[in-house]
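Written below as structure tokens is the structure these notes are about.
What follows is calculated from the coordinates using simple rules that are stated; it is not laboratory data. Not measured: the values here are computed from a predicted model. Because the Cβ atoms are built from the backbone with ideal geometry, glycine has one as well, and the counts that use them run over all protein chains shown.
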Amino acid sequence: MRVDDPLRDAVASRANKRCEYCQYPQEFSDSVLEIEHIVPRSADGPTELKNLALACSHCNRHKAARQKGTDPQTGMDIRLFNPRIDSWTVHFRLNRETGEIEGQTPVGRTTVEILQMNAEQPILTRQNLIEFDIV
């Protein structure tokens, strides 16, 4: 189902035009940030504002239809970060020295792992954004 323009605009505005998972800003993206279903449509997630998030293509591609994953520290099945109910700063920390996003909780660690937030390219991109004091 296509997300209509007014709904897309509302999602982007609420997210301050940043990926709600890795915080990548739209203004520096080569492509338009995507609308992502937090609870996927395949799991009967509705296409409505409370179930939609703004995501960069990297985060969206890796999240896909996943809602949970394995915490790399404990081995437990843990739900992924939900931008509608979770605070980014509770679950994640940007390491300004390395450019890595560090999971601070089981939800954060699991989300970093599943979305591959610390793959080589996202880290290089964040390091550039940090260097120019954009993030």
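Here the condition is being touching a Phe, Trp or Tyr at 6+ places or on another chain (Cβ under 6 Å) and either touching a residue at least 24 places away in the same chain (Cβ under 8 Å) or within 20 Å of D5 (Cα to Cα) (or both); of T47, T125, T74, T111, it holds for T111 alone.
The residues of the range 38-80 that are among the hydroxyl-bearing types (S, T, Y), under 19 Å from R8 (Cα atoms) and over 10 Å from the mean Cα position of the chain (by Cα) amount to a single one, T47.
Can you tell me which residue in the range 17-33 is nearest to D4 (Cα to Cα), limited to those that are buried (at least 19 other Cβ atoms within 10 Å of the Cβ) and of a type outside the set (S, T, Y)? Here the residue is L33. Here the condition is being in contact (Cβ under 8 Å) with a residue 60 or more places away in the chain, buried (at least 18 other Cβ atoms within 10 Å of the Cβ) and not β-branched (V, I, T); of H58, H91, H37, it holds for H58 alone.
Among the residues of the range 64-101, those identified as hydrophobic (A, V, I, L, M, F, W, C) and over 22 Å from N51 (Cβ atoms) are M76, L94, I101. Scanning the range 81-103 for residues that are over 15 Å from the mean Cα position of the chain (by Cα) and not small (G, A, S) yields a total of 4. Under the condition of being out of contact with any helix residue (DSSP H, G or I) (no Cβ under 9 Å at 6 or more places or on another chain) and part of a helix (DSSP H, G or I), the residues counted in the range 1-22 number 5.
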